[in-house]
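Some notes on the structure that comes next.
FYI, it's all coordinate maths here, none of it is from the lab. Quantities reported herein were computed from a predicted structural model and do not represent experimental measurements. FYI the Cβ positions are ideal-geometry reconstructions off the backbone, even for glycines, and counts take in every protein chain you see.
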Amino acid sequence: MAVSWGWQAFKSNQNRVASAEFNKAVELYQNVKYPEALAAFEKVETYRWSRYAGLAHLYRANIYLATSDLEKALTAAQRALAATSPGTLYRQLALMALGSAEERKNQCKTAIEHFAEAQQIAGALQGQAVLGRARCAEQLGDKAMMIAAYKDYLKDNPGSPLALKLAELEASSGASLGAKK
């Protein structure tokens, strides 16, 4: 009983201290003071039993993406992903950061997998996940996957100008199929 109470007190203290550090780090991030924000988020990560440690990994991934340090972005995004629960918005955010880093490193096959998983989570970034799949399919030269991704996107965004791109892709695919016959 005392051990359980002690553990809960320890975790509560970790969350309290990490929260204050996290708020400082977010302020630095919002002011685009990336080197200072990275150091501050690293400090938050030392409170590994707090709920803020996983979020710190996610912010670090986004800073590394913004500064084009893609290797570190991959590592931070993988850590953020490991700290999330399935089906959560935080997982979707981590998957998007990971997919974005992979896309920028021309690792589109794995990026497509992460974008597809992010798309399956009900959240604000479903459309962005679909577009990530489409961009990577384009990099891979996979017109069928591009068409499928744009169709998925247009289900939820019927007035999008991407309908024109889809029509062009379908027309060129039909023309290339007709030429192969």
statement: Distance in nm between Ser172 and Lys109 label points, each 7 Å along Cα→Cβ, equals 2.4
field: Lysine pair number, Cα distance threshold 18 Å (strictly under), the stretch 2-106, separation 8 or more or different chains
entry: 7
- request: Can you tell me the FRET efficiency between Glu71 and Trp5 if r is taken as the Cβ-Cβ distance and R0 is 35 Å, rounded to the nearest 0.05?
  value: 0.25
message: Can you compute 3J(HN,Hα) from phi for each residue in the stretch 83-100, using the Karplus curve 6.51 cos²θ - 1.76 cosθ + 1.60 with θ = phi - 60°, rounded to whole Hz and x for Gly and Pro?
response: 8, 9, 9, x, x, 9, 4, 4, 5, 4, 4, 5, 5, 5, 5, 5, x, 5
query: In the stretch 90-141, if every C-alpha pair distance is counted and binned at 10 Å from zero, what percent goes to each bin?
result: 33, 57, 10, 0
message: Using a Debye calculation, one point per C-alpha and no hydration shell, please list log10 I(q)/I(0) for the stretch 2-106 at q = 0.10 Å⁻¹ in order.
response: -0.29
- prompt: Counting alpha carbon pairs within less than 8 Å and at least 6 residues apart, what relative contact order, in whole percent, applies to the stretch 44-122?
  reply: 24
- prompt: Counting pairs of alpha carbon atoms under 8 Å apart in space and at least six apart in sequence, what relative contact order in percent does the chain give?
  reply: 11
statement: Charge tally for neighbours of Ala129 with beta carbon under 14 Å away, counting Lys, Arg as +1 and Asp, Glu as -1, is -2
field: Principal semi-axes in Å for the stretch 57-143 [√(5λ), Cα gyration tensor, largest first]
entry: 19, 16, 9
message: Whole percent per 5 Å bin, from 0 to the bin with the longest distance: what is P(r) over all C-alpha pairs of the chain?
response: 1, 9, 14, 15, 15, 13, 10, 8, 6, 4, 2, 2, 1, 0, 0, 0
